[in-house]
């Protein structure tokens, strides 16, 4: 995310220089929630830390099945410790998304215990996830991946949703990310209906057959 911040600063400087107005889409901004921002570590370098609140809309495609995911929210804090980049994950919130053609089953993304939002020339960031599956006939443990064996997503910039500065005060940006290499295993914890769940969802599904895409708004708050 450091490269994102650098790009944001450059864009904001250019905007100030030429007195560009805020983008028209600012009128459609989502509400941002900073309540789950983690505090900087005790040895954090003063004045370098900020919280980032993400509000994203996207879809997960498994083979030829697209699952609209609805809204996902994520928060984390980043800054420096002893002059080196550091980050602390806050929270991931995602409401269950209905899976069409599965008799009312839903999918809910959950945090898998690892994240790295320091972008570089090869990717925007990395995030471990797992997907909880819910249906009256499925055990509550039914999932794609688990916290102990999560799905590892490496997201890259999506050219279909280019980076743009939406607002300068507070700093708010929008961009898209895509992971077209996500591998999805068979379900776990689904009991006697595991095979049915796998067949309905087309699992397992190898890397290259699936796509995870999000269009994301991010707002920054100094800590």
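Restricting attention to region 155-174, which residues are without any contact (Cβ under 8 Å) to a residue 60 or more places away in the chain and closer than 16 Å to residue 56 by Cβ?
155, 156, 157, 158, 160, 161, 162
Would it be correct to say that residue 147 is over 21 Å from residue 65 (Cβ atoms) and part of a strand (DSSP E or B)?
No: the conditions fail for residue 147.
Out of all the residues in region 203-217, which are in contact with a helix residue (DSSP H, G or I) (Cβ under 8 Å, 6 or more places away or on another chain) and not in a loop (DSSP other than H, G, I, E, B)?
Once the filter is applied, which keeps residues that are in contact with a helix residue (DSSP H, G or I) (Cβ under 8 Å, 6 or more places away or on another chain) and not in a loop (DSSP other than H, G, I, E, B), region 203-217 yields nothing.
Is one or more of the residues making up region 127-141 surrounded by 19 or more Cβ atoms within 10 Å (Cβ to Cβ), within 24 Å of residue 37 (Cβ to Cβ) and in contact with a helix residue (DSSP H, G or I) (Cβ under 9 Å, 6 or more places away or on another chain)?
Checking region 127-141: not a single residue is surrounded by 19 or more Cβ atoms within 10 Å (Cβ to Cβ), within 24 Å of residue 37 (Cβ to Cβ) and in contact with a helix residue (DSSP H, G or I) (Cβ under 9 Å, 6 or more places away or on another chain).
Got at least one residue in region 173-189 being part of a strand (DSSP E or B) and touching a helix residue (DSSP H, G or I) at 6+ places or on another chain (Cβ under 6 Å)?
Yes, that holds for at least one residue.
When residues of region 92-135 are filtered for being closer than 18 Å to residue 195 by Cα and at pLDDT 95 or above, how many remain?
9
State yes or no: is residue 147 modelled with pLDDT under 95 and surrounded by fewer than 20 Cβ atoms within 10 Å (Cβ to Cβ)?
Spelling it out, it is not the case that residue 147 is modelled with pLDDT under 95 and surrounded by fewer than 20 Cβ atoms within 10 Å (Cβ to Cβ).
Output yes when any residue across region 38-56 is out of contact with any helix residue (DSSP H, G or I) (no Cβ under 6 Å at 6 or more places or on another chain) and at positive phi, and no when none is.
Scanning region 38-56, I find at least one residue that is out of contact with any helix residue (DSSP H, G or I) (no Cβ under 6 Å at 6 or more places or on another chain) and at positive phi, so the answer is yes.
Here are some residues: 108, 118. Which one is part of a loop (DSSP other than H, G, I, E, B) and either surrounded by fewer than 19 Cβ atoms within 10 Å (Cβ to Cβ) or free of Cβ contacts under 8 Å to residues at least 12 places away in the same chain (or both)?
118
Check residue 94 against each of (1) more than 17 Å from residue 36 (Cβ to Cβ); (2) in contact (Cβ under 8 Å) with a residue 12 or more places away in the chain and name the one condition it does not meet.
(1)
Can residue 66 be described as more than 26 Å from residue 223 (Cα to Cα), more than 16 Å from the chain's Cα centre (by Cα) and in a strand (DSSP E or B)?
Yes: the conditions hold for residue 66.
The values are calculated or read from the model by the stated rules, or taken from the named source; none is laboratory data. Note that the structure is predicted; figures quoted are calculated from it, not measured. Neighbour counts are summed over all protein chains in view; Cβ atoms, including those assigned to glycine, are modelled from backbone coordinates with ideal geometry.
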